[in-house]
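Step one of this worksheet: look at the structure below.
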Amino acid sequence: MTRALPNDAGHEAASEELAELALGVLAGERRTELLQHCEQCVACRRELAELAQGLDALLCVAPAVEPPAGFEARVLAAIAPRRRRRPRLTARARRVLVAAALVLGAGLTGAGLTRALAPPAAARTAALVVHGHGRGEVVVTGERSPLLVVRLQGGNWPAWVSCELVTAAGQRIALGPYAVGPRGGIWSARLAVPATTLDSVRLISADGSVLAWAPLRA
Amino acid sequence: MNWTVRRASLPGGLPDEALLAAMAHGDADAGAAFVRRYAARVYGLALKVVGDPGLAEDVSQETFVRCWRHAAVYDPRRGPATTWVLTIARNLAIDTLRLQRPIPFDPALLVELWAPAAGPAPEDEAVGRDALAEVRVALGSLSPAQRRALLRATFGGQSAAEIAEAEAIPVGTAKTRIRAGLLKVRAALAERERP
Ligand SMILES: [Zn+2]
């Protein structure tokens, strides 16, 4: 073991500066040195984690303040151009789309903003029926190419879980496998079939046994 | 078999991790819900650091742009989304503050963070409402000098050397004050969690 002993001179110097490391106010070189020390030193690693928890708690103390009117709309306008554009658009169509986006961004006030920010049509959430310990839920949001979100919690999940969707017509769609820990995990997938055609979802372990399932019928 | 199918108005009702997972897939509705959920927390924190409404708004907007861009790398096992988004906001705010120098950061303006009369705290996943009160009590129980040092480092992004200069104290003293203050806040939380 190369672990530094608590009476080590390097350890003494490091522990004095751990708070600055946790607070992110340390200059580059010293920061690297300290991080290297923490890799070797269990005591410093533990204290660094505690100091970081202290900082996390302090950040929550700042009171919430509503941002100026139109803030959400401006953020959404800044985010929207980053979304993937459809291929095979002519230059002119692209210009028109950009113009439309600008108008949309500029016009998102009052009722328009309320509409833009209103939650979309109800998505479906189904609790997973788990064979064994643990719990989870499945969310399907969107209609034509819906987003599937699977969230597993607690229990004793295997390292890898595959997902099998069954459509009303009996078609099976395999997804995954996804990395999950014993405490659970979350993953999502964009589906190529409409939400209305889904019948159920099953979660399957590496050995093929069914771990859980949920109904997805509308 | 006994199962339930719930209907929820989503994605506003989704847990943070699911919103971020959806954002990672380019779901703008999830992005809008996420912005609505955290706008006031992010803006409030940015305002505390930079002290200027216009700059705070710029910082807040960039925070959400980064959340959107990096949603795929958020790992719920490493901590709640609240901590993730507030940490991004703090880092951006401190970077902005550094660019604004020599505008001095004034820890006296942060008195409401720990004073008992502080406004209602939002419900929080990372630190519950009661825990937040404990953190305030812990902040209030620090000596004024210790508290100033901790607030300078936390919300002003000042290093021990900068705090030493501003407070006319030795650097070693500044280091000790930050560390002791942060550990005291952490201890107040740990004390609470003990059954
Ligand atoms: Zn050490």
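The values are calculated or read from the model by the stated rules, or taken from the named source; none is laboratory data. Note that the coordinates shown come from a computational prediction; the quantities given were computed from them, not determined experimentally. When we count neighbours, we look across all protein chains shown, and the Cβ atoms used for this are built from the backbone with ideal geometry, even at glycine. For accessibility, only protein heavy atoms count, side chains too; no ligands or nucleic acids. Shrake-Rupley method; radii C 1.70, N 1.55, O 1.52, S 1.80 Å.
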Residue (of A:24, A:60, A:41) at the positive-pole extreme of the stretch A:9-60, dipole from beta-carbon charges | A:60
Between chains B and A, what is the buried accessible area in Å², counting both sides, with a 1.4 Å probe and ligands, DNA and RNA left out, to the nearest 100?
-> 6300 Å²
State, to one decimal in nm, how far the label point of residue B:161 lies from the label point of residue B:180, with both points 7 Å from Cα in the Cβ direction.
-> 2.4 nm
Two pseudo-spin positions, 7 Å from Cα along C-beta at residue A:66 and at residue A:172, lie apart in nanometres by 5.3 nm
Got a number for the accessible area of residue B:173? Probe 1.4 Å, square angstrom, nearest 10.
-> 50 Å²
Determine how large the accessible area of residue B:29 is when every protein chain is in place; take a 1.4 Å probe and give Å² rounded to the nearest 10.
-> 70 Å²
When only Cα pairs under 8 Å and 6 or more residues apart are kept, what is the percent relative contact order across the stretch A:9-60?
-> 45 percent
What does the accessible area of residue B:48 come to, in Å² to the nearest 10, when a probe of 1.4 Å is used?
-> 40 Å²
Cα→Cβ-extended label distance, 7 Å offset, between residue A:131 and residue A:31, nm = 5.0 nm
